[in-house]
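Since the structure comes first, as structure tokens, the remarks are kept for the end.
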Amino acid sequence: MADILKIGKYEFTSRLIVGSGKYPDFKTTRDATLASGAEMITVAVRRVNILDPNEENLMDYFKDTDVQILPNSAGCTTAEEAITLFRLVREATGIDIIKLEVIGDTKKTLYPDVLETLKACEVLAKEDFTVMAYTNDDPIMAKRLEDAGAAAVMPLAAPIGSGLGIQNRYNVVFVKDAVNVPVIVDAGIGTASDAAVAMELGADGVLTNTAIAQAKNPIEMAEAMKYAVIAGRMAYKAGRIPKKPYATASSPLEGLIEF
């Protein structure tokens, strides 16, 4: 049976979500996205055009695909800004699945303002948006976002664009244990092995942008991410062996042939 990722009313067979920033052009964005097998691409609508049909529009490059556009509120620093932005996006495009991010530190860490995020989530969820909420790796806040109506929580692995990989593996597990909605590890993925680790820890999906867009070969990295997410998910479902401090023989010690 297909291993379906359900986010609100939406269903996906791929557990990899990609971003659309930092590519040299829309064609490369499309090519890398298709190579990744992702069925969702997030778009910072304050920076990448999906609203103006008279200008080059990213949506035109995906209109003959099954890839879902996921608008995000990158650049917003208050709940009010994010709410207003998403209302405009839905009015212009009809898209109601969104990635909510409200940034608290715009100069250095790009860490989220979780209180403003929570305020925006409450309003948007009541207006029937399918909210995927970017947050820190805190299980308490993840639970509060779920209670506020978030259809998925997206804890950061490390600062956005840092490529540092998962800095606190325990917190990914804690977040997963705290909520019943999907957990999508977001921000800080640097290479395919980082994505595999996230999935092995039990994350329901991974979002990555910079690791693909700024790789020496974005198309190959996109494909590597595809298989890393698949492998990590399979390993998680298969169940890893417990870690032990000492060696354990691979072959039984009983019944040895005597010489």
Pairing a residue in the stretch 179-190 that is in contact (Cβ under 8 Å) with a residue 12 or more places away in the chain with any residue that is basic (Lys, Arg), where Cβ atoms lie under 6 Å and the two sit 6 or more apart in sequence or on different chains, gives 179/143; 183/176
Query raised in the report: of a type in the set (D, E, K, R), in contact (Cβ under 8 Å) with a residue 12 or more places away in the chain and either more than 22 Å from residue 6 (Cβ to Cβ) or in a helix (DSSP H, G or I) (or both): does that describe residue 243?
Result: no
Within the stretch 24-38, the residues that are touching a residue at least 24 places away in the same chain (Cβ under 8 Å) and surrounded by fewer than 21 Cβ atoms within 10 Å (Cβ to Cβ) are 26, 27, 28, 30, 31, 34, 35, 37
Of those in the stretch 39-57 that are surrounded by fewer than 19 Cβ atoms within 10 Å (Cβ to Cβ) and touching a residue at least 24 places away in the same chain (Cβ under 8 Å), the residue farthest from residue 224 (Cα to Cα) is 51
Residue 129 vs (1) more than 20 Å from residue 144 (Cβ to Cβ); (2) at pLDDT 95 or above: all pass except (1)
The residue that is surrounded by the fewest Cβ atoms within 10 Å (Cβ to Cβ), considering only those in the stretch 1-21 that are small (Gly, Ala, Ser) and part of a loop (DSSP other than H, G, I, E, B), is 2
| What do you reckon, is residue 180 polar (S, T, N, Q) and closer than 14 Å to residue 7 by Cβ? | yes
Filtering the stretch 22-52 for residues that are modelled with pLDDT of 90 or more and assigned to a loop (DSSP other than H, G, I, E, B) leaves a count of 7
Do we find that residue 82 is surrounded by 14 or more Cβ atoms within 10 Å (Cβ to Cβ) and in contact with a Cys (Cβ under 6 Å, 6 or more places away or on another chain) in this structure? yes
### Message
Kindly evaluate residue 166 against the criterion of being touching a strand residue (DSSP E or B) at 6+ places or on another chain (Cβ under 8 Å), part of a loop (DSSP other than H, G, I, E, B) and either touching a residue at least 60 places away in the same chain (Cβ under 8 Å) or among the aliphatic types (A, V, I, L, M) (or both).
### Response
yes
Going through the stretch 173-188 in order, the residues found to be among the aliphatic types (A, V, I, L, M), crowded, with 19+ Cβ neighbours inside 10 Å and touching a Gly at 6+ places or on another chain (Cβ under 7 Å) are 184
Does residue 117 satisfy being polar (S, T, N, Q), out of contact with any His (no Cβ under 6 Å at 6 or more places or on another chain) and buried (at least 24 other Cβ atoms within 10 Å of the Cβ)? yes
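Taking the condition of being assigned to a helix (DSSP H, G or I) and under 17 Å from residue 14 (Cα atoms), how many residues in the stretch 195-218 meet it?
7
The values are calculated or read from the model by the stated rules, or taken from the named source; none is laboratory data. None of these values were measured; they are calculated from a predicted model. No Cβ is skipped: glycine too gets one built from the backbone with ideal geometry, and neighbour counts run over all protein chains shown.
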